[in-house]
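Below is one structure, written out as structure tokens; comments come after it.
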Amino acid sequence: MKEIKLKSGHTLIIRSVQKDDASNMLHYLKVIGGESDNLLFGPEGVPMTLEQEEKFLESSSNNATFPMFVGLVDQNIVSVINASGSTRERVAHLAEIGISVLKAYWHQGIGRHMMTYLIDHVKKIGTVNTLHLRVRTDNINAISLYQSMGFEIIGTFHHHTRI
């Protein structure tokens with residue numbers, strides 16, 4: 001867990017996701033899905049029941065190699081980041097990052113703090129040594145953040161996401 005003072009004066013708490021976050025997470029995913037076309041879902045959120053989300057988060061909270069972290073402000077989820085991958089030997093060193101930040105909290109450094117926290121965790125665990133992510137080519141702010149953190153553009157996947 002880490003506490004960070006934001007530009008706004010609020011405190012961001014970054015911690016591992018917990019089973020008890022399920023209800024708040026489902027709400028967060030509906031809100032964030034309606035704020036941006038940069039995600040793989042819209043305002044409907046993800047098709048999971050509360051029980052399914054609890055099981056998913058419990059599994060995620062116990063996975064050190066492919067973790068999920070939440071960013072909280074005033075006990076509300078304002079950001080989520082995760083690394084996902086395969087345990088198959090030939091690709092177990094790779095992980096894909098997924099990150100989101102509520103629009104009301106953009107431009108406060110939360111994305112950078114969440115990325116740094118995840119990257120530091122992955123380095124400490126030592127299993128994954130290559131992180132990658134996908135981002136829409138028109139998401140200039142995200143691309144700028146990722147490049148400033150050392151990520152490089154390795155290609156363009158045309159027609160990946162249908163809005």
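No value in this document is a laboratory result; all are computed from the given coordinates. None of the values given here were measured: they were computed from a predicted structure. Virtual Cβ from ideal backbone geometry, glycine too; neighbours counted across all protein chains shown.
Using DSSP to call loops (not H, G, I, E or B), can you name the GluC sites (Glu not before Pro) in the range 1-65 whose Cβ has at most 13 other Cβ atoms within 10 angstrom?
Glu44
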Which ordering of His93, His121 is given by a fewest-first count of other beta-carbon atoms within 10 Å? His93, His121
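I'd like to know how the chain sits against the 2.2 N^0.38 Å rule of thumb: what's its Cα Rg over that expected value? Each step should come with its number before you reach the end.
Numbers: Rg = 15.4 Å, N = 163, 2.2 N^0.38 = 15.2 Å.
Ratio of Rg to 2.2 N^0.38 Å for the chain: 1.01.
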HN-Hα couplings for the range 110-117 via Karplus (6.51, -1.76, 1.60; θ = phi - 60°), in whole Hz with x for Gly/Pro, come out as 5, x, 5, 5, 5, 4, 4, 4
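What does the charge add up to near Phe157, with Lys and Arg as +1, Asp and Glu as -1, over the other residues with Cβ less than 11 Å from its Cβ?
Values: positive: Arg134, Arg136; negative: none.
Computed value for this residue: +2.
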So the label point goes 7 Å from the Cα of Leu94 along Cα→C-beta, right? Which residues of the range 110-143 then have their backbone N under 14 Å from it? 128-134
Check cross-link reach from Lys30 to the lysines: straight Cα distance under 27 Å, and skip same-chain residues fewer than eight apart. Lys2, Lys5, Lys7, Lys19, Lys55, Lys103
Could you give the nm distance between label points at Lys19 and Ser36, where each point is 7 Å from its Cα heading toward the beta carbon? 3.1
Additional length obtainable on full extension of the chain from Leu6 to Thr130, 0.36 nm per residue less Cα span: 41.8 nm
